[in-house]
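Engineer: A single structure is presented below for examination.
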Amino acid sequence: MSQPQFPTSLLQKKRQQLLARFLKGGEPHFLERHAEVLDDYFRESFARSSVGPRMQVEKNPYAIIALGGYGRKEQCLHSDVDVLLLFKKKIPDEAKDLVQEIFYPLWDIGFDVSYATRSTKECLALACEDFEVLTSLIDCRFLCGFSPLYSDLMERLRGKVLHRHGRAYVAWLAERNRERHTRYGDSTYLLEPNLKEGLGGLRDYHAMLWMGRAAYRIAEPRDLEFFGHLSHNEFESLWEALSFVKMVRNWLHHLSGRKCDQLYFEYQVRLAKNLGYRQENGQQAVEGFLGVLHGQMEFLKRQHLMFLKRVVNAKKPGRKKAPGRTVAPGIETVHDALNFESPEAILQNPHLLIKIFEKSAALGQPLTAGSSRLVREFLYLVDKEFQSSRRVIKSFQRILAAPPHTFNVLNEMLNTGMMVALIPEMKEIVNRIQYDEYHVYPVDKHSLRTVQILKELRDAGPDSPDAFYGKLFAELSNPELLLWAGLFHDVGKGADGKDHARRGADIVKSVFERMGFSPQDIEVISFLVREHLLLIKTATRRDINDEKIVVQCAGKVRDVEHLKMLCLLTVADSRATGPKAWNDWIATLVKEIFFKVYQTLNKEELATPAAVDIVEKKKQQVAQSVISTPRKELETLFDHMSPRYLLYTPWKDILRHIELHQRLGQEPFLLETRANSGTDYRTATICATDFPGLFSKIAGVFTLNNLDILSAQIYTWRNHIALDIFEVKAPPDTLLEDEVWERVKKDLRAALRGELDLSAALDQKVQAYQSVQRKIPRRPDKIIVDNGTSNFFTIIEIYTHDFPGLLYKITDTLFRCKLDIWIAKIATKVDQGVDVFYVRDFDGQKVDIPEEVAAIKEAIKHILANGANNKAESSRLKAESDTG
């Protein structure tokens with residue numbers, strides 16, 4: 001007897017039609033309809049089954065039941081199809097044939113089907129022992145077969161299992177939630193959020209349903225509203241958020257062609273375009289889309305956390321309700337959370353809307369879910385008079401200055417809408433996204449983290465790694481102004497994002513004039529907002545040994561108090577931006593520029609006679625330490641060294657460089673590496689006979705060996721000895737570090753002899769890199785040639801997307817433009833490199849002829865456009881090198 005043909009072709013046809021409507025925006029309920037298409041398949045298969053009748057269903061009836069997301073009718077395009085074959089008694093032998101008959105055709109056409117065959121007794125026993133099984137059964141939905149079997153299972157599941165194990169199940173769910181959030185992170189903070197498992201993802205909603213069914217016997221999602229756990233508006237907003245996130249997840253499945261819940265960069269731009277987002281208000285379409293997504297996930301997260309807290313803290317049977325303790329008129333604390341005594345109390349005294357947050361900050365206790373809801377409902381009381389009230393502003397300032405807790409009170413003010421109600425100017429940065437990997441958090445969350453980190457720096461003890469910053473904070477005469485600046489430093493990003501610091505300074509003046517601050521305090525906050533990037537840009541993009549740079553920086557800062565606050569804001573801002581924006585190397589540079597500007601402000605200027613004394617003292621220290629070299633020979637070497645080198649190089653380093661020079665002999669080069677205590681970077685010094693293109697070859701060899709260059713100082717003595725001093729990141733595996741440096745020496749020797757084709761070797765590396773790199777949309781390249789900042793050098797700034805070999809290709813191009821590189825700053829911003837070079841032409845002059853500047857820009861543009869992986873370009877450069 002031949003097997004009957006099951007309706008997979010009809011299933012595929014219906015599914016394709018459904019998907020076509022969805023992609024055109026005409027199927028808002030795709031997940032539910034998709035589940036129903038599968039329902040039709042199973043029901044038709046059950047009706048036409050040849051195996052079913054042979055199983056004696058009258059004696060041992062069975063049913064087909066949907067589980068998990070399929071059971072909830074949340075069937076995304078490529079989600080698993082979870083099904084239970086439920087039997088009243090034991091599992092018959094023919095069940096294997098039934099599986100083959102019904103499920104195999106689905107596997108054949110690409111569905112991921114997971115199934116289980118169990119009796120009712122087995123289901124109940126497993127549900128008691130394994131809460132994973134209980135969770136899957138809670139969502140089950142009858143498809144076809146013997147319906148009383150399904151009804152009996154659900155009745156016994158609710159009456160027996162959940163009644164006996166409900167509290168243990170809720171505790172298990174709470175712990176699983178914590179583990180899940182730890183693993184997948186807070187999706188509302190991430191630029192590549194996990195739409196399902198992260199905090200703010202769909203799983204948070206599922207957990208609310210599971211807990212609600214265990215603790216409150218809710219049967220349908222709407223019961224969250226009917227039973228009073230959510231207001232009508234909250235439930236409608238929750239449903240809107242869920243619909244949006246589900247829709248995005250389904251689009252992600254379509255674009256990726258697979259089950260995919262992580263919204264990777266490579267899909268975001270296409271998704272934003274397909275959903276109809278356009279560039280507006282200075283934001284890319286993808287930034288607008290991500291802002292909406294983060295806002296919806298933030299709401300979902302907030303509802304989840306409030307519901308979780310309510311369920312976990314629900315009173316146990318027989319336990320009396322704990323009496324409230326009044327902590328302020330109209331505010332009480334119940335079970336370590338703050339509650340309004342009544343809605344009427346708020347109407348009688350609207351100041352309670354800010355007072356409850358002040359008490360939250362002082363006591364370290366969060367608001368109850370009901371209190372958060374009341375804050376949102378009474379925000380209409382926050383009018384202009386409320387915003388400018390000195391009493392309200394004092395409360396806000398006490399919240400701002402309160403010690404940091406495990407939860408962030410400012411974040412709760414933001415989530416309830418209180419922050420924007422008090423400061424409407426912040427509305428434009430709520431959930432505003434900066435689309436790169438450099439900024440990990442939306443602008444509003446980043447601003448709150450900046451304040452939190454400032455307070456952590458303030459509270460750093462003497463034994464803390466941040467003790468230096470704690471000391472700076474303690475020396476401030478008015479530290480609250482710095483906290484205000486931290487909160488507002490990026491408020492200017494609410495418009496088109498260009499020159500946000502200057503725009504933010506203007507906004508700050510308006511806000512604090514409204515608040516009644518003194519003109520002097522307003523000027524301090526405005527200065528900090530306007531110049532909050534000054535130190536980090538100067539440290540990472542300029543030669544901080546250049547006296548003119550330091551004096552210019554000091555001129556903008558004006559006094560030591562401003563400098564201390566600016567330094568602290570720089571550290572907090574960088575740390576709050578993300579882990580890739582702050583490291584040991586940047587911390588060292590920022591401290592160095594801080595001390596140089598501090599010295600300049602204290603001494604008003606760097607006195608030339610003092611510089612001469614410093615150089616003479618260094619010469620004496622070197623001479624006293626070098627016994628084997630006659631003083632006359634040393635004086636000759638000193639004459640070969642530039643004044644700048646002698647002034648800014650520590651005398652012990654000069655001594656080591658002299659020793660390297662003496663050991664060089666006929667060697668092509670000598671390489672010395674030194675670890676920097678307590679950091680993950682190394683100082684690599686190369687002493688060699690100078691020749692054009694040496695720097696680019698060194699850079700290429702370092703890149704070939706996976707050594708990231710952070711900065712470089714190039715000194716050329718008048719006797720044609722080059723000292724190229726590189727700061728590089730340590731190799732990933734420090735146990736094999738010696739082997740890495742030996743390989744560097746071998747490759748550099750081969751490159752200098754012409755035995756290693758660096759261009760070809762780096763092209764191979766780029767090919768491997770491009771096969772695994774994350775597809776982040778490119779920002780336009782930008783090249784700036786600056787002849788005004790430095791008295792002696794032309795400064796070339798190059799903003800472009802980073803790739804292995806970039807530094808080699810740029811420096812090689814500069815060499816072919818007949819430029820000598822003296823200083824290099826490699827300030828990679830993850831998605832875009834900011835490479836800065838101090839150069840002079842081969843005659844030792846700045847490059848300031850317009851035609852020459854234009855030619856340099858064109859050459860760099862060409863290499864950026866074609867150099868990422870262009871073999872023809874490599875061949876052309878090699879041919880030029882061979883004939884040059």
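Engineer: Taking a threshold of 27 Å on the Cα-Cα distance, which of the pairs K809/K846; K24/K246; K160/K259 fall above it?
Structural biologist: Flagged as over cut-off: K160/K259.
Engineer: Can you give the angle from 0 to 90° between the axis of helix 737-753 and the longest principal axis of the chain, with both taken from C-alpha atoms, to the nearest 10?
Structural biologist: Taking Cα atoms only, the helix is inclined about 60 degrees.
Engineer: Which value at 222 nm does the chain reach when only helices count, each DSSP H run of 4 or more adding -39,500 (n - 2.57), with the total divided by all residues and rounded to the nearest 500 deg cm²/dmol?
Structural biologist: -17500 deg cm²/dmol
Engineer: Using alpha carbons only, how many degrees (0 to 90, rounded to 10) separate the axis of helix 651-664 from the longest principal axis of the chain?
Structural biologist: 80 degrees
Engineer: Alpha carbon centre of segment 222-258 versus segment 137-201: separation in Å?
Structural biologist: Comparing the Cα centres of segment 222-258 and segment 137-201, I get a distance of 16 Å.
Engineer: For segment 452-607, list log₁₀ I(q)/I(0) at each q in 0.10, 0.13, 0.14, 0.18 Å⁻¹, using the Debye formula over Cα point scatterers of equal strength and ignoring solvent, two decimals each.
Structural biologist: Debye intensities relative to I(0), on a log10 scale: -0.34, -0.59, -0.69, -1.15.
Engineer: Can you give me the P(r) profile for segment 386-435? Cα pairs, bins 5 angstrom wide beginning at 0, each as a whole percent.
Structural biologist: Percent of pairs per bin, in order: 5, 17, 24, 25, 18, 8, 2, 1.
Engineer: With a 1.4 Å probe and all protein chains kept in place, how much accessible area does L481 have, in Å² rounded to the nearest 10?
Structural biologist: Its accessible surface works out to 10 Å², give or take rounding.
Engineer: Could you grab the Rg to Rh ratio for segment 37-127? Cα atoms only, Kirkwood for Rh. Could you put the intermediate results ahead of the total?
Structural biologist: Details: Rg = 13.1 Å, Rh = 13.7 Å.
Reported Rg/Rh (Cα atoms, Kirkwood Rh): 0.96.
Engineer: Could you give the dipole magnitude of segment 185-317 about its Cα centre, charging the beta-carbon of Lys and Arg +1 and that of Asp and Glu -1, in debye to the nearest 20?
Structural biologist: For this selection, approximately 500 debye.
Engineer: With a sphere of radius 10 Å drawn around the Cβ of L647, what net charge do the other residues whose Cβ falls strictly inside it have (Lys, Arg +1; Asp, Glu -1)? Can you show the working numbers first?
Structural biologist: Working: positive: K618, R644; negative: E547.
Once positives and negatives cancel, what remains is +1.
Engineer: I've got another one for you. For segment 324-422, taking Cα atoms only, what is the radius of gyration to one decimal and the Dmax to the nearest whole Å?
Structural biologist: For segment 324-422, the Cα-based Rg and Dmax read 12.1, 35 Å.
Engineer: Suppose a student asked you for the relative contact order of the chain, using Cα pairs under 8 Å spaced at least 6 residues apart; what percent would you report? Write out the running numbers ahead of the final one.
Structural biologist: Values: 1261 pairs, mean separation 57.1, N = 884.
That works out to 6 percent.
Engineer: What do you get for GluC sites (Glu not before Pro) in segment 550-630 restricted to DSSP loop and a cutoff of at most 16 other Cβ within 10 Å of the site's Cβ?
Structural biologist: Answer by residue number: E604, E605.
Engineer: Could you state the angle between the C-alpha long axis of helix 390-401 and the longest principal axis of the C-alpha atoms of the chain, as a value from 0 to 90 degrees rounded to the nearest 10?
Structural biologist: Between the helix axis and the principal axis of the chain, the angle is about 80 degrees.
Engineer: Then there is this: By a straight-distance test (C-alpha under 17 Å), which aspartates and glutamates pair with K632 as possible cross-link partners, with residues fewer than eight away in the same chain excluded?
Structural biologist: Those aspartates and glutamates meeting the cut-off are E616, E659.
Engineer: Taking every DSSP beta bridge that has both residues in the chain, what percent is antiparallel when rounded to the nearest 5? Mind showing how you got there, number by number?
Structural biologist: Numbers: 63 of 72 bridges.
Given both bridge residues lie in the chain, the antiparallel proportion sits at roughly 90 percent.
Engineer: Please quote Rg/Rh for segment 163-210 to two decimal places, taking the Kirkwood radius as Rh and restricting both calculations to Cα atoms.
Structural biologist: Details: Rg = 11.9 Å, Rh = 11.2 Å.
A ratio of 1.06.
Engineer: What Kirkwood hydrodynamic radius, in Å, does segment 7-165 give when the mean of 1/r is taken over all pairs of distinct Cα atoms and then inverted?
Structural biologist: When all Cα pairs of segment 7-165 are included, the Kirkwood radius is 16.3 Å.
Engineer: I've got another one for you. Which percent of the Cα-Cα distances in segment 202-252 go past 17 Å?
Structural biologist: On the way: 465 of 1275 pairs.
In whole percent, the long-distance tail amounts to 36.
Engineer: Using the Kirkwood radius over Cα pairs, work out the Stokes-Einstein diffusion coefficient for segment 151-308 at 25 °C and 0.890 mPa s, in µm²/s as a whole number.
Structural biologist: 146 µm²/s
Engineer: Right, something else. So if the hydrodynamic radius of segment 417-523 is defined as the Kirkwood radius over C-alpha pairs, what does Stokes-Einstein give as its diffusion coefficient at 20 °C and 1.002 mPa s, in µm² per second?
Structural biologist: Numbers: Rh = 15.0 Å.
D, rounded to a whole number, is 142 µm²/s.
Engineer: At 7 Å along the Cα-to-beta-carbon direction for both E36 and D781, put a label point, then send me their distance in nm to one decimal.
Structural biologist: Output for this residue pair reads 5.4 nm.
Engineer: On to the next question. Aspartates and glutamates within cross-link reach of K89: Cα-Cα under 12 Å, excluding same-chain residues under 8 positions apart?
Structural biologist: Straight-line reach from K89, under 12 Å: E58, E122.
Engineer: Per residue, how big is the convex hull around the C-alpha atoms of segment 689-737? Give it to me in cubic angstrom, could you?
Structural biologist: Roughly 77 Å³ of hull volume per residue.
Engineer: Can you pull out the trypsin sites (Lys or Arg not before Pro) in segment 212-242 whose DSSP state is coil and whose Cβ has at most 13 other Cβ atoms within 10 Å?
Structural biologist: Of the trypsin sites (Lys or Arg not before Pro), the ones in loops of segment 212-242 whose Cβ has at most 13 other Cβ atoms within 10 Å are R217, R222.
Engineer: If you don't mind, there's one more thing I want to ask. When the dipole is taken about the Cα centre of the chain, and only Lys, Arg (+1) and Asp, Glu (-1) are charged at their Cβ, what size is it in debye, to the nearest 20?
Structural biologist: Approximately 2480 debye in magnitude.
Engineer: Still on this model: If you project the alpha carbons of the chain onto their three principal axes, what span does each projection cover, largest first, in Å?
Structural biologist: Taking the Cα atoms of the chain, the three principal extents are 111, 78, 50 Å.
Engineer: About the Cα centre, and with charges only on the beta carbon of Lys, Arg (+1) and Asp, Glu (-1), how big is the dipole of segment 666-714? Nearest 20 debye, please.
Structural biologist: Dipole magnitude for segment 666-714 comes out near 40 debye.
Engineer: By the scheme Lys and Arg +1, Asp and Glu -1, what is the net charge of all other residues having a beta-carbon under 12 Å from that of L807?
Structural biologist: Net charge in that neighbourhood comes out at -1.
Engineer: Right, here's the next one. Can you give the accessible area of F30 in Å² (nearest 10), computed on protein heavy atoms with a 1.4 Å probe?
Structural biologist: About 0 Å², ignoring ligands and nucleic acids.
The values are calculated or read from the model by the stated rules, or taken from the named source; none is laboratory data. Note that this is a predicted model, so its numbers are computed, not measured. We place every Cβ from the backbone using ideal geometry, glycine too, and count neighbours over all the protein chains shown. Heavy atoms of the whole protein, side chains included, go into the accessibility calculation; ligands, DNA and RNA do not. Shrake-Rupley method; radii C 1.70, N 1.55, O 1.52, S 1.80 Å.
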